[in-house]
Amino acid sequence: MKFNWSAATLLLFVTAFVGCQRDSSSSMTKAPSASSPSVNGENFLLTAEPDGAENVIKVREAAQDGDEVIIVGRIGGGDNPWIEGRAAFSIVDGSLQACSDISGDQCKKPWDYCCETPKLPTSTALVKVVDDNGDLVKVDARELLEVKELSTVIVKGKANRDEAGNLTVLASGVYVKKK
């Protein structure tokens with residue numbers, strides 16, 4: 001009997017291909033999808049607008065490390081204002097104009113505030129939504145809070161200053177303003 005190497009090679013290839021297909025569609029546990037966060041965003045969303053919100057510039061100037069703050073701003077300040085996969089984002093003072101606020105501007109990413117670049121260093125703050133233990137929530141803010149670039153948010157939390165004086169707000173609650 002004569003052995004057919006072509007048939008054996010074809011059989012080996014088909015077996016390997018089918019095996020690979022079966023592995024990729026098997027019922028192995030899959031990571032949660034980005035569209036279904038494992039943390040309930042309602043725990044962090046404020047149902048009423050808090051009183052006493054101050055703009056980003058004022059809070060940056062006045063808040064000391066550990067102070068309770070209520071700060072208002074728009075999500076943006078860079079090409080990508082998000083920390084991917086985490087409940088964190090940058091906000092910009094309402095006195096600055098996003099490119100979309102300028103009549104006739106055709107900017108594709110108006111939330112980067114490219115027309116206001118010189119003012120950004122003193123007009124932005126980082127917001128980190130934290131749990132009861134003070135740990136950063138490990139769900140993307142866009143999913144958790146149903147926000148997007150240029151959403152106006154009022155954030156309640158504690159001021160956290162780094163050595164350079166940058167402001168991070170450790171948020172216990174976020175109110176998303178409706179347009």
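Taking each residue as 0.36 nm, the span from LEU136 to GLU61 lengthens on full extension beyond its C-alpha to C-alpha distance by 24.6 nm. Among TRP82, TRP111, the ranking by other beta carbons within 10 Å of each residue's beta carbon, starting with the fewest, stands as TRP82, TRP111. Note on LYS108: lysines with a C-alpha under 25 Å away, same-chain residues under 8 apart excluded, are LYS119, LYS148, LYS177, LYS178, LYS179. An ellipsoid equivalent to the range 41-176, defined through the eigenvalues of its Cα gyration tensor, has semi-axes of 23, 17, 13 Å when rounded to whole angstrom and sorted largest first. Note on ARG74, ARG142: ascending count of other Cβ atoms within 10 Å places them as ARG142, ARG74, the fewest first. In vacuum, with every alpha carbon of the range 67-111 counted as one equal point scatterer, what does the Debye formula give for log10 I(q)/I(0) at q = 0.26 Å⁻¹? Two decimals, please. One equal scatterer on each Cα of the range 67-111 leads to -0.99.
Read-outs: derived from the displayed coordinates by stated rules, not from any lab. Remember, it's a predicted structure, so these values are computed and weren't measured experimentally. Positions of Cβ are generated from backbone atoms using ideal geometry, with glycine treated the same way; all protein chains shown enter the neighbour counts.
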